[in-house]
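The values are calculated or read from the model by the stated rules, or taken from the named source; none is laboratory data. Please read all numbers here as calculations on a predicted model, not as lab measurements. For neighbour counting, all protein chains shown are included, and Cβ atoms are generated from backbone atoms with ideal geometry for every residue, glycine included. Protein only, heavy atoms only, side chains kept; ligands, DNA and RNA dropped before computing areas. Shrake-Rupley method; radii C 1.70, N 1.55, O 1.52, S 1.80 Å.
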Amino acid sequence: MIPDKTTKGLRNLSVTQHLARRVWTAFTLTFIVSRAPVLVTALDWFPNIHLQLGSTHVHPLNFGIALLTLMGGYLLFVRPTGRALGAAALLYGIALGLTFDEFGMWFHLEDFYWQRGSFDAVVVIAGLLGLLIVAPSLRRFRPRHWATLVGLTVLVVLFGALVLKPLWTAG
């Protein structure tokens, strides 16, 4: 049987959704595992766990940025397929989790956690990845899909403005 365009489109959608699920799962689990030491450190009886190089506290954000950079280059220049592409999706999700766990440090580079900003960023990213998992391909978008996309874009921009507002008014 010769696959028609519809079959090929569904297969591509299935692969995209599978990869998005891997990214979303790795992102969520990495965020939880990365956040746990911060939460348990608040307990009086638990030791402070973090990587220290000399007098420098090395944050997971640094590893996330490095891994995002490596994965971007790998995906662009090697163009993996099959299992290698699946592994790349997992590593990309891990990198996102490490980076967005400390989203607040993007704006405040001191050695403290801006937890609310990090939490909000994780919720938005997780929600958008979740939507990508179930969304149809762009060719299959109907007017209601486009309306939802426009609405979400407006909401994400407004959210970004709210997050950045303290930076604009600081001074």
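See the values below:
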read-out	value
Residue ID - modelled with the lowest pLDDT, chosen from residues in region 12-23 that are open to solvent by 50 Å² or more (accessible area, probe 1.4 Å) and under 14 Å from Ala135 (Cα atoms)	Asn12
Region 57-83: number of residues that are part of a helix (DSSP H, G or I) and open to solvent by 40 Å² or more (accessible area, probe 1.4 Å)	13
Residues located in region 125-160, provided they are surrounded by 10 or more Cβ atoms within 10 Å (Cβ to Cβ), in a helix (DSSP H, G or I) and touching a residue at least 24 places away in the same chain (Cβ under 8 Å)	Ile125, Ala126, Leu128, Leu129, Gly130, Leu132, Ile133, Arg140, Leu152, Val156, Phe159
Residue match in region 105-116 (condition: outside any loop (DSSP other than H, G, I, E, B), open to solvent by less than 50 Å² (accessible area, probe 1.4 Å), at pLDDT 75 or above and not acidic (Asp, Glu))	no
